[in-house]
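Q: What follows is a structure written as C-alpha cells; I'll ask about it next.
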C-alpha cells in the first residue's frame, strides 16, 4: 500500500504546488481508481489514524528524497502541505531534529496501533490542546517564553523556588504560584 500511496501522493502534490491540506490530499487519494481507500471509514478513529499515518509516512519519505536530490522542499504542516523549489538555505531548517519525522518514519507505530492506543493518543492531543492557554500562562508565571525545553523550565523553577521559598524569607503566595505553574507544565511536557 505504501509504494502505491507514495506514487499517488507525489503526483497530487506536484499538481498542487501551492499546497493543500491533509484532508484535501486524502480526499483526492480516495477518488483514485483501483484502490481500497474509498472503503476507509474516516469516522473510525483507528482507520483514520492508519490512513493519516501512511500519508504522513509518505510525505516525509518524499521530503527526504527531494531534499537529497536538491529538487524540491516539501513543507509539511498540519494545515498545509506545500511544495517549494529547493534552496540551499533550507538545509539548516531541515537538519534540525524533527520528532514528527522520526515518529512517522517508524512503521512500528502503525503496526502496533490498535483502537485503544489510538483513542489514548487522541485524548492526549485534546488534553494538551485544551491546556494550551494554561501552559502559556504557566510559562509567564515562571518568566519564560514559548519554545523553552523542559530542562530549562525545571532550572528556572528551581531558581525561583529557592528565591521565594518561605523558609528562606520569600513570599509564600509567589512560591505557591510558581509551584502551581510547574505542576501545569509537568502535565503538558511529560
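Read-outs throughout are calculated quantities, based only on the coordinates presented, and are distinct from any laboratory measurement. Treat the numbers as computed from the prediction; the structure is a model and nothing was measured. Reconstructed Cβ throughout: ideal geometry from the backbone, glycine too, with neighbour counts over all protein chains shown.
Q: On C-alpha positions alone, give me the angle between the axis of helix 45-69 and the longest principal axis of the chain, in degrees, nearest 10.
A: 80
Q: Based on the Cβ-Cβ distance from residue 159 to residue 190, what FRET efficiency comes out when R0 is 25 Å, to the nearest 0.05?
A: 0.80
Q: Can you pull the one-decimal nm distance between simple spin-label points at residue 68 and residue 110, each 7 Å off the Cα toward Cβ?
A: Taking the simple label geometry, residue 68 and residue 110 are separated by 1.8 nm.
Q: What nm value, rounded to one decimal, do you get for the distance between residue 85 and residue 119 when each label is placed 7 Å out toward the C-beta?
A: Placing both labels 7 Å along Cα→Cβ, they lie 5.1 nm apart.
Q: Please work out the Cα center distance from region 2-24 to region 99-144, rounded to the nearest Å.
A: Spelled out, the Cα-based centre of one part sits 25 Å from the other.
Q: Compare 148, 55, 118 in a GNM of the chain, Cα atoms joined below 10 Å, and give the one with the largest fluctuation.
A: Result: 148 has the largest fluctuation of those listed.
Q: Taking Cα atoms, how many degrees apart are the long axis of helix 2-15 and the longest axis of the chain, rounded to 10 and kept between 0 and 90?
A: For helix 2-15, the angle is close to 90 degrees.
Q: Using alpha carbons only, what's the Rg to Rh ratio of region 132-189 with Rh from Kirkwood?
A: 0.97
Q: What residue among 36, 167, 64 has the largest mean-square fluctuation in a Gaussian network model of the chain, using Cα springs under 10 Å?
A: 167
Q: Next question, about the same structure. How many times 2.2 N^0.38 Å is the alpha carbon radius of gyration of region 82-190?
A: Normalised Rg, Cα atoms only: 1.47.
Q: Which values, in whole Å and largest first, are the semi-axes of the equivalent ellipsoid of region 119-160 obtained as the square root of 5 times each eigenvalue of the Cα gyration tensor?
A: Each semi-axis is √(5λ); the values are 24, 11, 7 Å.
Q: Spin-label point model (7 Å from Cα, Cβ direction): what's the residue 18 to residue 41 distance in nm?
A: 3.6
Q: Oh, and also: Helix 22-31 sits at what angle to the longest principal axis of the chain, using alpha carbons and giving 0 to 90 degrees rounded to 10?
A: Approximately 20 degrees, to the nearest 10.
Q: With a Förster radius of 25 Å, plug the Cβ-Cβ distance of residue 127 and residue 173 into 1/(1 + (r/R0)^6) and report the FRET value to the nearest 0.05.
A: Working: r = 28 Å, r/R0 = 1.12.
Here the calculated transfer efficiency is 0.35.
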